[in-house]
Amino acid sequence: MSQIEKTNVYNRERSKTQVKSTVLKKTSQALAALMIVSMLLPVLAFAGIEFDLNGLKYDKYSKTVSGSVYVTKDTYKESSNVTFGVYSDSDLKNVLDATYNATFRETTVDGVTYYNFNINLSSSNVPDTVYMQTYYGAGYGIGNVYDLVYVQNSGKEPYYPSSNSYGPGGGFGSFINNGVIEVSGDSVDAFTLQRAFENSKEVKIKIKGEKLAMPADVLAEALKKGAISVTIINDNGTITLPLAALKLEALAKELGAELKETKINVTIAKVTGTADEDVTKAVYAAGGNPIATAVDFNVTASGNSKSVNVDFGNTYVSRTLNVNKNLDAKKATGALYNETTKKLSFVPSTFESKDGQTVATLQRNGNSIYTVIEANKSFEDLASHWSKADVELLANKLVVEGVSDKQFQPDRNITRAEFAALVVRSLGLNSVTANTYFTDINSSAWYAGVVAAASQAGIINGYEDNTFRPDAQITREELAAMIIRSLSYAGVASDVSESNQAQLLAKFKDSSKIVWAKKEIAAAVNAGIINGLTDDTIGSAEKATRSQAATMLKRYLKLADFID
């Protein structure tokens, strides 16, 4: 059927509805006027709800829009809502007001039901023409109907637009139910997003492409009303953005833009071409096999012709990737691909199988390319060692490394710099290039970047003389303190009261030898991260070994839900 034929069929259906309601309620002159409008102008309203063009008024000086809509008996339900959005632009992006306020007026003999409305626009500036959209039902899209009309200032007749670019399939978001939106284009409009947050504090947006733009002012308003997150979903993966971590006002200020002019842009793009080949090479170089597509997750803010990356601070943001095989979670990990070094590093990740599909959830506080790998590493000197399972698990997850491919040296003491590197790696943090923290760290040292990153994250403090002593062997007391601080950075509360500290440490006869970290050691004991050297000794001053460090890391990672 041609577009003209479709329009004619649609106009005939609209005319039938208008005739039915107008015969009962309007004069013959009004009926004739409505039929002429119906026949001459292409219309886009779905049968079910329509604006009554007679009496539809907009007064820009009093900033009011008033009139009525009617619902046909085939779609009418007592419990459904009539809602309105008023826009200043034909793209329906700049919302002037949105309201549920419609008052039941009457139901005619044949079941056509009328609702009156009077909307006072809250916007400080109003244009000569507004664009009104009304919805009937619980929300947008499936099972709901809507109508769109242009309303000009007093004295000018309202009219229907000439084409439909706003309905489902045209790039305009369609709210389905329970806070789920489906978007066919690359942006979601303000009214749709507002309605979704009214139905759920955790909104989900399904997109067909790889990019989505969201209005920052709607997200900010939703946060004020207690909303928690927005999740963007496409065939490549998902990302869940905690609204509190976006710092929307600060982003707008950085851009030099008003919040209403600012967009949050999300990209979930499959890595292709040379970049994909480089990721695959990095997987094999790390001793693993690729088991998921590499995906580039990127979140930016734009406005005032500028764009900046969104910094999530200490907040870990969840992403998911589909894994293409059944796996052993002990041998798999999420991984970050560094485009500069062309190497992989550990990303906190867990795995879940549903309906024959394994999904990896990766948590990290930054933008990057992510993938999932599987490895099966072992070390000859761990064959009968008590730490074998823990060390090999963390080796498969790219957290610990051997001194060679076959040797781990589990009983060798570990230095402060080596453990700082393990902590930074376990948190999925990037190295920091500039070191302004300690006087004894040479910027060219292999550990300079990880020590700076650990210090910046509040994991290490150093000594009173402003040194770090990177080559000194770490004590169990220092190791426990760094682990507890890592837990805190990961958002896990582990503090214990002073009375509980005393109780937890009382069973260790050497607890009086703890120099400065009683609180941290008590918290580590309480969390099951550190055990005594014997049943009644804690050994806080003893030097920690590589195997002890790996075991404590594994326990804290499980407690933080960073590994299965």
The correct pair for region 316-444, radius of gyration to one decimal and Dmax as a whole number, both in Å and from Cα atoms, is 16.4, 55
Percent of C-alpha pairs per 5 Å bin, region 392-448, short to long
4, 15, 23, 25, 16, 10, 6, 0
Taking amide hydrogens as modeled 1.01 Å from N in the peptide plane, which residues meet the under 5 Å criterion relative to residue 271, leaving out close sequence neighbours?
294, 295, 296
Suppose all protein chains stay in the model; what accessible area per residue would a 1.4 Å probe give for region 172-265, in Å²?
43
Roughly how many Å is it from the Cα centre of region 186-246 to that of region 435-506, as a whole number?
37
Can you give the relative contact order of region 396-531 as a percent, counting alpha carbon pairs under 8 Å and 6+ residues apart?
21
Descending packing, highest mean Cβ count within 10 Å first, for 538-550, 278-290 is 538-550, 278-290
Step through the table entries 325/354; 331/377; 93/208; 201/354, compare each Cα-Cα distance with 18 Å, and write down the pairs that go over it.
93/208; 201/354
Highest-first arrangement of 378-390, 475-487, where packing means the average Cβ count within 10 Å:
475-487, 378-390
Return the long-range amide H neighbours of residue 533 (sequence gap of 5 or more, or a different chain), with a cut-off of under 5 Å between placed amide H atoms.
538, 539
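Quick one: compute a quarter of the convex hull surface over the Cα atoms of region 244-379 and quote it in nm². Please list the in-between numbers first.
Numbers: hull surface 40.2 nm².
With every direction weighted equally, the projected area is 10.0 nm².
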So what J values fall out for region 499-505 if you push phi through Karplus, 6.51 cos²θ - 1.76 cosθ + 1.60 with θ = phi - 60°, rounded to Hz, Gly and Pro as x?
5, 6, 4, 4, 5, 5, 8
Can you give the percent of C-alpha pairs in region 398-547 whose distance is more than 22 Å?
43
I need the Debye-formula profile for region 463-564: one equal scatterer per C-alpha, no solvent, reported as log10 I(q)/I(0) at q = 0.14, 0.15, 0.19 1/Å, two decimals.
-0.52, -0.60, -0.96
Provide the FRET efficiency to the nearest 0.05 for the residue 537-residue 235 pair, computing r from the beta carbons and using R0 = 45 Å.
0.20
Proximal aspartates and glutamates to residue 253, defined as alpha-carbon separation beneath 19 angstrom and excluding residues fewer than eight positions away on the same chain
217, 221, 261, 311
Would you work out the charge dipole size for region 264-408 about its Cα centre, treating the Cβ of every Lys and Arg as +1 and the Cβ of every Asp and Glu as -1, and quote it to the nearest 20 debye?
220
Sum of side-chain charges, residue 266 neighbourhood, beta-carbon under 13 Å (Lys, Arg +1; Asp, Glu -1)
+2
For a quick protection proxy, order the peptides 300-312, 408-420 by their average other-Cβ count within 10 Å, most packed first.
408-420, 300-312
Net charge, residue 558 excluded, C-beta distance under 13 Å - Lys, Arg +1, Asp, Glu -1:
+1
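The values are calculated or read from the model by the stated rules, or taken from the named source; none is laboratory data. All figures in this text were calculated on a predicted structure; none of them were measured in a lab. So basically every Cβ, Gly included, is an ideal-geometry build from the backbone, and we count neighbours across all protein chains shown. Heads up: the accessible areas ignore ligands, DNA and RNA and are worked out on the full protein's heavy atoms, side chains in. Shrake-Rupley method; radii C 1.70, N 1.55, O 1.52, S 1.80 Å.
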